[in-house]
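Each remark here refers to the structure printed beneath this line.
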Amino acid sequence: MTDDAPQDSTPLDTPPLDPTPPVRRRVFGRGTYGESLRIDEILRKESVGGTLLLIAAVAALIWANSPASPGYYALRDLTFGYEPWHLELSIGHWASDGLLAIFFFIVGLELKREFIAGDLRDPKTAVVPVLAAVGGVIVPALIYALVNAGDPETVRGWAIPTATDIAFAVAVLAIIGSKLPAALRIFLLTLAVVDDFIAIGIIAFVFTDDIDLVALALAVVPIALFGFLVQRYRRFFGGRIWTGWVILVPIAFAAWALVHASGVHATIAGVALAFTVPVIRSAAAGGPEAGPGLAEVFEHRIRPISAGFAVPVFAFFAAGVTVVGDGFAAALTDTVTIGVVLGLVVGKVIGITGVTWLLTTLTRASLDSAVRWIDLIGVSLLAGIGFTVSLLVAGLTFGEGSPHDDHAKVGILLASLIAALLATVVLGLRNRHYARVAAEEAEDADADGIPDVYQRGS
């Protein structure tokens, strides 16, 4: 090398500069193709269930505010069952403790599948919806607690505005959001699943008093038997529908009855049973690539019962509250109602959007290119539809039929209506935007001579 040759002044121990910018992880990934198809199927079923839920709630409100309202309350409070087993319950309690156990069984199956075989099995994918759901629980609870801070009796209702009703939310989304990005629909369902998981924990640990340890220990026996059977004979129960009704349902009912007798809310039995069901096919059955596991098979069979019967019947007996006359005015001035409305309508948006914003600001995460912040605000408003679980928590907190329970119901109904209307406006405008974009892309594809089959598949 000559003296006038260019010299490299970079120290030998200095690593070369990497021109590649750090990769920003997408907050709203589109998910795998198979997962997207499965979630689309779930959303279609839940949208039908949401419609039935709305019909049941409206019917209950009409009856409870008609001259025939005494008949509604007489039917709701009619008791039957076997008292020595602590099962002489009103029809309303059979609906909330019994039928909702079916709903929570589906929730348990969905939770287990998402975290074992779904897109949430990757912690990097799961962290955002999980933390967003946590924010959507904590902020509404704090808002309610602040509104009711001066009354130790009403502040106990802090958990009421923390829940999201997936059936109602999906029904609204199905009506107004046909052109919205798939990432939004997936995020809403994932958010609701995590939200339900948190609600399960609240119900199990907050609303459990005077546990009967003997009954709870005995409940482990049918739950363990149920788990052994579905694990050992998964092909037998997966291939024959009648086997579940003849063998598994009686065992599940025994587990439910013992959990109910123990003092733990009976819906937890549905979750415990669901967690025993295998998600992935065994090697003898061909492994994961051979088809859906038993959890998905059960979910496919039972979801129509849950969405089409169990939840609407519960809504019918839970949503009936008299709002005519002075009752509605009294409810509007009660801090319980105000706290529930603000928690669901305002708290959900602040909690979900705020946590997501913090994650994208403080980490390398970013929104999916198909999603805008206004879309996220619309989905957060949908999450403020807190119907089914919120009604359940209100009854557990204040006691069915008490004045505060009635006012909480008014708050839940009012908040859900406001959230649905606001979400309809926001997402409706966004849906028209995405429809225009899709139409323009279709025109460009026609101009470029791209075959129609590719347009449909894009």
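No value in this document is a laboratory result; all are computed from the given coordinates. Keep in mind that this is a model prediction, so the values were computed, not measured. Cβ: placed from backbone, ideal geometry, glycine included. Neighbour counts: every protein chain shown.
So the values come out like this:
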item: Electrostatic dipole magnitude of segment 50-434 [Cβ: Lys, Arg +1; Asp, Glu -1; Cα centre; debye, to 20]; result: 1600
item: Kirkwood-Stokes translational diffusion coefficient of segment 128-258, alpha-carbon pairs, 25 °C, 0.890 mPa s, µm²/s; result: 134
item: Three principal axis lengths of segment 50-434 [C-alpha, angstrom, descending]; result: 58, 56, 34
item: Peptides 349-361, 133-145, 424-436 ordered by average Cβ neighbours within 10 Å, highest first; result: 133-145, 349-361, 424-436
item: Where labels lie 7 Å past Cα in the beta-carbon direction, separation of ARG301 and LEU421 in nm; result: 4.4
item: Contour excess over end-to-end distance, with Cα ends at VAL134 and TRP63 and 0.36 nm allotted per residue; result: 21.9 nm
item: Length-normalised contact order of segment 50-434 in % [C-alpha pairs under 8 Å, at least 6 apart]; result: 30
item: Residue-span extension gain [ALA329 to ILE241] - 0.36 nm each, minus C-alpha spacing; result: 26.6 nm
item: Cα-projected label distance for PHE275 with ALA217, points at 7 Å along beta-carbon direction, nm; result: 2.0
item: Over 15 Å [Cα-Cα, segment 93-188], rounded percent; result: 74
item: Dipole magnitude (debye, nearest 20) for segment 155-254, charges at Cβ of Lys, Arg, Asp, Glu; result: 660
item: Rel. contact order, % - alpha carbon contacts under 8 angstrom, at least six apart, segment 47-161; result: 10
item: Net length gained if the chain between LEU78 and ILE55 were fully extended (0.36 nm per residue, minus Cα distance); result: 6.0 nm
item: Vicinal HN-Hα couplings computed from phi for segment 311-319 (Karplus, 6.51 cos²θ - 1.76 cosθ + 1.60; Hz; Gly/Pro x); result: 5, x, 5, 4, 4, 4, 8, 9, 8
